[in-house]
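K.L.:
Please find one structure pasted underneath; my questions will follow.
Please treat every number below as a calculation from the coordinates, not as lab data. In this text the structure is predicted, and so the values were computed from the model without any measurement. Here the Cβ is made from the backbone with ideal geometry for all residues, glycine too, and neighbour counts use every protein chain on show.
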């Protein structure tokens, strides 16, 4: 079984600064593997460990070329990493991202199963996995909270709002995994050293795929307008402090 | 606003159908609902396409039929319930039509320049709003709860067309379990007491419950409390990826005030906070604050409210 895990390199949210005009400033922000993608990587690696197979990692967009991030993903178990380089702008849209990933999967070839995180760590529209599956035309699942391989097919549990269902799904398939699926491992020193020796392949977006017909166009990205709050703060556990705080609450709770 | 010719909705729960149906009626001349579930509940739009039951059937098996129907009829806008199955369906339609679906949209407008629909969603864990425009023969939008107020009068019962498609091959449902209905409706709560990690241990929840009871408030929490500490069930977690709540009063207890959490509550009328760390960001985002140890002050506050 050949498993490809798709992941996104997202900016570190702690490094976000907001400019006076409310636009985000990511200059100097570090990048990391999207936190939800870590569950997809772990699920793929565990599946290959138990059922046999090969695990490959694929990313598109910013960070594809970053050797630190390449090692970070490879230290988690995949045997090789593939990246599709592009400029940030192209990838603000989930359809464009899914087109690129589809092209990457076709270029890798012989793929039986694609795993994604339920959503990206920055935008979290939860569309790329489902779009990718629909574009390739494979059986597609989201909200997958447990995944195993038995009797030549996937056994997938989906955790939905009002129910839980377990499905037997023939390959090839695309599945998006939730954070309930597993606890991602922390790579050890041996894994980190081994990661440096694993193969990395980088393609240019232009050589793998034509841009999709009609994605969403970003009109603006703006921090919320600051809600003015009174900020009347009292300190301490004295009867007085509690009485003052109680008085405020009492007024608004009338 | 010039109405679109045809607006469809895809939803399951009665409340969400009522909301989306009101939205569809405001946007479109003709409306249709695509529905799976109990046959007698298949109502809420001018035309109802009934897929079949959901007992013993996964919604997944209906998606190819939904995609085929939308491609054939080409509604200009499809409003989809924001749910796991909804997002999967939206993506399947979007991929077939060649557009991007907008998800978790909290406001929707017609593009002033004509041609296109503009939606707004939260990104970066609540640190920013992203406004996007989609155009195309069919726009697909997953709409969050509460975006459209439900209509005052129920829409007239429409014609019901039964589709009952064959299940797609290669997928078989092995088990299906209903989850117990959630016993809290935080978006509808007028008063909420929010629990953060600053509570210390689950043993202290008793004091919070007593306090909330004295106020007649519901209990909510931050993401780590539900997902990491597991002191409270997930349905109670307030934040960008959880519940967006708009109570008249929110009292944050041991909540640090991370943006992911505050984005889910910043439309509260009044925010109060108790935290022993006076540098906690929550104090810069609240109306009334008390810098104190929760376990010392909550029982005393509870007593004051009970006496009043």
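K.L.:
How much length, in nm to one decimal, is gained on full extension between residue B:213 and residue B:5, taken as 0.36 nm per residue of separation minus their Cα-Cα distance?
P.N.:
Here the answer is 69.9 nm.
K.L.:
Roughly what would the spin-label model give for residue B:296 and residue A:161, points 7 Å off Cα along C-beta, in nm?
P.N.:
Those two pseudo-labels are separated by 4.4 nm.
K.L.:
To the nearest 10 degrees, how steeply does helix A:239-252 sit against the main Cα axis of chain A, on a 0 to 90 scale?
P.N.:
Tilt relative to chain A: about 70 degrees.
K.L.:
Is there a simple number for the mean count of other chain Cβ atoms within 10 Å of the Cβ of residues in A:205-217, and what is it?
P.N.:
4
K.L.:
So how far, in whole Å, is the C-alpha centre of region B:132-171 from the one of region B:6-24?
P.N.:
Comparing the Cα centres of region B:132-171 and region B:6-24, I get a distance of 6 Å.
K.L.:
Please give the helix A:94-108 orientation as an angle from the longest Cα principal axis of chain A, in degrees from 0 to 90, rounded to the nearest 10.
P.N.:
Approximately 30 degrees, to the nearest 10.
K.L.:
Can you tell me how chain A classifies by the Cα gyration tensor, rounded, prolate or oblate, using a/c under 1.5 as the rounded cut?
P.N.:
Prolate.
K.L.:
Which residues among region B:194-223 fall inside the zone where the amide N is under 19 Å from a point 7 Å beyond the Cα of residue B:303, along Cα→Cβ?
P.N.:
Hits in region B:194-223 for residue B:303 at 19 Å: B:204-215.
K.L.:
Take the alpha-carbon centre of region B:53-93, take the same for region A:80-150, and report the distance between them in whole Å.
P.N.:
Region B:53-93 and region A:80-150 have Cα centres spaced 20 Å from each other.
K.L.:
Kindly provide the pair-distance distribution of the protein assembly as shown built from C-alpha pairs, with 20 Å bins from 0 and whole-percent values in order of increasing distance.
P.N.:
21, 51, 27, 2
K.L.:
So, one more: Cut-off 10 angstrom, C-alpha nodes, Gaussian network model of chain B. Which of B:254, B:220, B:289 fluctuates the most?
P.N.:
Of B:254, B:220, B:289, the most mobile in the Gaussian network model is B:289.
K.L.:
On to the next question. Extension gain residue A:12-residue A:220, at 0.36 nm per residue separation less the Cα-Cα distance, in nm?
P.N.:
Here the answer is 72.8 nm.
K.L.:
With the Cα gyration tensor of region A:127-218 giving a ≥ b ≥ c as the square roots of its eigenvalues, does the rule (a/c under 1.5 for rounded; else a/b larger than b/c for prolate; else oblate) give rounded, prolate or oblate?
P.N.:
Taking the square roots of the gyration eigenvalues as a ≥ b ≥ c, region A:127-218 is oblate.
K.L.:
Further, regarding this structure: At what distance in nm do the modelled label points of residue A:201 and residue B:15 sit from each other, each positioned 7 Å from its Cα along Cα→Cβ?
P.N.:
If labels sit at residue A:201 and residue B:15, their model points lie 5.0 nm apart.
K.L.:
If r is the Cβ-Cβ distance from residue A:30 to residue B:178 and R0 is 56 Å, what FRET efficiency results, to the nearest 0.05?
P.N.:
0.80
K.L.:
Would you calculate, for chain A, the mean residue ellipticity at 222 nm contributed by helices, counting each DSSP H stretch of 4 or more residues as -39,500 (n - 2.57) and dividing by all residues, to the nearest 500?
P.N.:
-8500 deg cm²/dmol
K.L.:
Then there is this: What Kirkwood hydrodynamic radius do you get for region B:56-176 when you take the inverse of the mean 1/r over all pairs of distinct Cα atoms, in Å?
P.N.:
That comes to 16.2 Å for region B:56-176.
K.L.:
If I build a Gaussian network model for chain A, linking alpha-carbon pairs within less than 10 angstrom, which residue out of A:134, A:40, A:156 has the largest mean-square fluctuation?
P.N.:
A:134
K.L.:
Just tell me how shielded A:233-246 is by partners: mean number of partner chain Cβ atoms within 10 Å of each residue's Cβ, no decimals.
P.N.:
5
K.L.:
With the Cα gyration tensor of chain B in hand, give its eigenvalues times 5 under a square root as the equivalent ellipsoid semi-axes, listed largest first in whole angstrom.
P.N.:
41, 21, 17
K.L.:
Please report how far the C-alpha centroid of region A:5-26 lies from that of region A:156-214, rounded to the nearest whole angstrom.
P.N.:
Cα centroid to Cα centroid, the span is 22 Å.
K.L.:
Something else: Under a GNM of chain B (C-alpha, springs under 10 Å), which listed residue has the highest mean-square fluctuation: B:112, B:36, B:280?
P.N.:
Top of the fluctuation ranking is B:112.
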